[in-house]
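Heads up: the structure comes next, in structure tokens.
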Amino acid sequence: MPANKDFSRRLQILDDCLRRRQRHWTIAALLEEVNRRLAEQFGKCISQRSLYDDLKALNLEYDAPIEKYKNGGDTCYRYADPNFSIYKIPVSPEDISTLRDAIDLLSQVNGFPIAAELAEVLGRLENTVYTNVEGRHALIQFEQNGLALGNQHVHNLFEAIKGKTVLRIQYQPFGKEAKEHIVHPYLLKEFRNRWFLLGRIDGRDDVTNFALDRIRSFKPMLKHPYRENDVFDPDTYFDAVIGVTLPEGAQPEEIILRASAQLWPYLQTKPLHPSQNVLRAYKDGSVKLSLCLVPNYELRMALMSMGPGVVVESPEGLRGEMRGLYEEGCAKYP
């Protein structure tokens, strides 16, 4: 059990003892009770010195009103206020329900075991405020793909980014041999139920993205100096991009589309991109749209998914690429 959880459990036991006035708690009695419960749960014990440190922590960190008093010739400990508890926090049953809903949502994010840890903490809160909701079931479901490879890496890569740890990654693009890269990780991004790691390959100054389903293995390089992210702003990097691919040197362009009358209601309620703007509405119900985007693979695939319902009017480069894709597709259906 990690040391921080061990410490938290000891404080929980001491808090319970100091609240109970049916017994006079000497240091020896406190030590015996703490070690009894720790041994039952975790098979470990603490020293008397550690017990004194824990009492001091209760006082300093939680402002616990611990007082000494005499019982015969013994020095005993208790809370001066019998109603005090370090677990008496201003959390209502309604607050607990809101937290439970948030954890239910978080648990649907593939690859994040932190939801289970939060659920354990919430369970203790529920016991504290005497509320447990029975028979709960999901009220909202996200699109998930439990079979997608790479999801198992999300948590450990998240920890590497948070800890600013350089990674040695064995990466195998489709149709190519696996290759090792030393990577300074900066950001995890999900797009259409797939995860990507963005970072900088050691010795380079550009941004590289790694699809997690193509990472064969990785390990931390704890002694390798970490380079801080000074190449992109994660909060704005994808503002003019659909997906995760940003070709080097590419700049946003004005893209003009014409959406059919049948497709327009869908694009109106779910815009292709936040920059989507209506330029003109035609009598036949079709609409001319403008977007400010970097033309990339994901944009072309999004346009292909809408078939003849949307036509690229400009720029000519993207229009020619879409024409080529349709011609290639038609050639496969002679």
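The numbers here are math on the coordinates, done by the rules we state, and not lab data. The model shown is predicted, which means the values in this text are computed figures rather than measured ones. Please note: Cβ atoms are built from the backbone with ideal geometry, for glycine as well, and neighbour counts cover all protein chains shown.
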Nearest-0.05 FRET efficiency for residue 217 and residue 88, computed from C-beta distance (R0 56 Å): 0.75
If each of residue 262 and residue 233 carries a label point 7 Å out from its Cα toward its Cβ, how far apart are those two points in nm? 4.2
Give me a comma-separated list of calculated 3J(HN,Hα) values for the stretch 198-209, in order, Karplus coefficients 6.51, -1.76, 1.60 applied at θ = phi - 60°, integers in Hz, x for any Gly or Pro. 10, x, 10, 6, 3, x, 10, 10, 9, 8, 10, 10
Between residue 174 and residue 97, what length in nm is gained on full extension when 0.36 nm per residue of separation is reduced by their alpha carbon distance? 23.2 nm
Show the residues, 5+ positions off or on another chain, whose built amide H is closer than 5 Å to the amide H of residue 25. 77
Karplus ³J(HN,Hα) for the stretch 15-23 (6.51 cos²θ - 1.76 cosθ + 1.60, θ = phi - 60°; Hz, whole; x = Gly/Pro) runs 4, 5, 5, 5, 7, 8, 9, 6, 10
Net charge around residue 68, counting only other residues with Cβ within less than 11 Å of its Cβ (Lys, Arg = +1; Asp, Glu = -1)? 0
Inter-label distance for residue 208 and residue 42, nm, one decimal - labels placed 7 Å from Cα along Cα-to-Cβ: 4.1
Which entries in the list 88/162; 164/223; 162/189; 44/70 go over 20 Å, if you measure between the two C-alpha atoms of each? 88/162; 44/70
Vicinal HN-Hα couplings computed from phi for the stretch 294-303 (Karplus, 6.51 cos²θ - 1.76 cosθ + 1.60; Hz; Gly/Pro x): 7, x, 9, 4, 5, 5, 4, 5, 5, 5
With a cap of 11 neighbouring Cβ atoms within 10 Å, and only residues DSSP puts in a loop, list the trypsin sites (Lys or Arg not before Pro) found in the stretch 268-334. 283, 332
